[in-house]
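Visitor: Handing you a structure now.
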Amino acid sequence: MAKRITLLMLVNLLVMLTIGLIVSLFFGGVVTRMGGSQQLFLFCFVWGMGGAFISLALSRWMAKMMMGVQVIDPETSEPELRRLVQTVHNLARTAGLSTMPEVGIYDSPEINAFATGPSRAQALVAVSSGLLARMRQYDIEGVLAHETAHIANGDMVTMTLIQGVVNAFAMFLAWVLAMALSRGSDRDDDRGGNFFMQYILMNLFQGIFMMLGMIVVCWFSRWREFRADAGGARFAGREHMLSALKALQAVDEGGAEVAGQPQPSFQALMISGKTGGLLALFASHPPLEERIARLENPMAA
């Protein structure tokens, strides 16, 4: 669900701001002396891709830390948790995964689940306690199949590559603008202030361009959600996947009797993708009605 892409973008933003700080402090002079735009872009491409893959490597650990995810022992004696692990592992085998993902749970009343991890062999599927308490097992299987499809499709790596390109362009444009605007004087007594201004402008512009770059990342994420729905339908059955989406839609429309989750808390997750105007550009998930329509009639998509 929305947690996967949100966590990835948040971790990436923090990593890239840190990299921007390091580059400004220790490599600012090197960047300023670069002879051409191609050399500068190559420099930014290496750092941008590096930042994205650092974020990917940290994704599973950060999810556990930030969300308080507790990994479930596959041999647990608690029937509900054991069934959860078995369901995920059965879906993983159906998806052709050779290594079973970790399965975890985090304490939250929200209805949510997400998959993360640096690779198919190092994946984590986490569900909220609210999802287990308030959704039917039939629908839970559809949600888990969707998350398993994200792992099988390699969506974390794919999104990382897209994020790396966005990082590279954001850093490149930030440096170009920062150098252009901070070249006020070449006098020796002005170079300290000139460097400080360049440092401030670079990090400011990088943050702005990365926020704008999220539009591209979120557009790509919406497209991958349709693929994950189709994969979930293959792994768990089309009716399971449709039932899960319709249960989420009922909650989104205030139908607490179906899945038991109050509407405001659910909408805060942006699972539905029901945002208007410019905010729709930053939605990581398409509208549920569109996802349901595509699954019901894939030939019309």
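Visitor: So if each residue of separation counts as 0.36 nm, and I subtract the Cα-Cα distance between MET66 and VAL216, what length gain in nm does that give? Mind dumping the intermediate values first?
Guide: Numbers: separation 150, 0.36 × 150 = 54.00 nm, distance 2.49 nm.
Computed gain between MET66 and VAL216 is 51.5 nm.
Visitor: Also, I was wondering about something else. Quick one: which residues, 5+ away or cross-chain, put their amide H under 5 Å from the amide H of VAL103? H built at 1.01 Å from N.
Guide: Correct list: ILE72, VAL125.
Visitor: Let's see if you can work this out: charge +1 on each Lys and Arg Cβ, -1 on each Asp and Glu Cβ, no other charges. What is the dipole magnitude of the range 53-189 about its Cα centre, in debye to the nearest 20? Show your work: numbers first, answer last.
Guide: Working: 10 positive and 14 negative charges, 51 e Å.
Here the range 53-189 has a charge dipole of around 240 debye.
Visitor: Something else: Which whole-Hz couplings ³J(HN,Hα) result when phi for each residue of the range 228-240 is put into the Karplus expression 6.51 cos²θ - 1.76 cosθ + 1.60, θ = phi - 60°, listed in order with x for Gly and Pro?
Guide: 5, 4, 5, x, x, 5, 5, 7, 10, x, 4, 5, 4
Visitor: List, in order, the whole-Hz ³J(HN,Hα) value for each residue of the range 57-67 obtained from phi through the Karplus relation with A = 6.51, B = -1.76, C = 1.60 and θ = phi - 60°; use x for Gly and Pro.
Guide: The phi angles translate into 4, 8, 4, 5, 5, 5, 4, 5, 6, 6, 9 Hz.
Visitor: Then there is this: So how much slack lies between GLU78 and SER37, counting 0.36 nm per residue of separation and subtracting their Cα-Cα distance, in nm? Can you show the working numbers first?
Guide: Values: separation 41, 0.36 × 41 = 14.76 nm, distance 5.96 nm.
Gain in length upon complete extension: 8.8 nm.
Visitor: Suppose the chain between ALA180 and ARG234 were pulled fully straight at 0.36 nm per residue; how much longer would it get relative to their current alpha carbon spacing? Numbers along the way, then the final one.
Guide: Numbers: separation 54, 0.36 × 54 = 19.44 nm, distance 5.31 nm.
Additional length available on full extension: 14.1 nm.
Visitor: Please state the equivalent ellipsoid semi-axes for the range 49-149: what are the square roots of 5 times the Cα gyration tensor eigenvalues, largest first, in whole Å?
Guide: Result for the range 49-149: semi-axes of 22, 16, 12 Å.
Read-outs throughout are calculated quantities, based only on the coordinates presented, and are distinct from any laboratory measurement. In this text the structure is predicted, and so the values were computed from the model without any measurement. Reconstructed Cβ throughout: ideal geometry from the backbone, glycine too, with neighbour counts over all protein chains shown.
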